[in-house]
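Student: One structure, as structure tokens, below. Some questions next.
The values are calculated or read from the model by the stated rules, or taken from the named source; none is laboratory data. In this text the structure is predicted, and so the values were computed from the model without any measurement. FYI the Cβ positions are ideal-geometry reconstructions off the backbone, even for glycines, and counts take in every protein chain you see.
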Amino acid sequence: MIRALKKLGISVKEGKNHTLGTCVHNGRKTTVPRPHKTDIVPEIVKSIIDFLLEKEFEEKKIIKLLK
């Protein structure tokens, strides 16, 4: 997930409990929780995709990077 965000131009910084992402295009920020398991629940992925779509990232590019 983090690798895909970086490829989309999101600056990533590790916080204590979350990974902080900043959109380099407009400075908007989002957080990505770090689960204790290695799996990321679908709700988190949907939330991140919604954030990226709001920032006008291309849906096809997002899906390709997340596969």
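Results for (1) surrounded by fewer than 11 Cβ atoms within 10 Å (Cβ to Cβ); (2) in contact with a Cys (Cβ under 7 Å, 6 or more places away or on another chain), shown as yes or no for each residue.
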site: MET1; (1), (2): no, no
site: LYS16; (1), (2): yes, no
site: THR30; (1), (2): no, no
site: ILE44; (1), (2): no, no
site: SER47; (1), (2): no, no
site: PHE51; (1), (2): no, no
site: LYS55; (1), (2): no, yes
site: ILE62; (1), (2): no, no
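Student: In the stretch 16-45, what residues are closer than 18 Å to LYS67 by Cβ and either at pLDDT 80 or above or assigned to a loop (DSSP other than H, G, I, E, B) (or both)?
Tutor: THR38, ASP39, ILE40, VAL41 - these are the residues of the stretch 16-45 that are closer than 18 Å to LYS67 by Cβ and either at pLDDT 80 or above or assigned to a loop (DSSP other than H, G, I, E, B) (or both).
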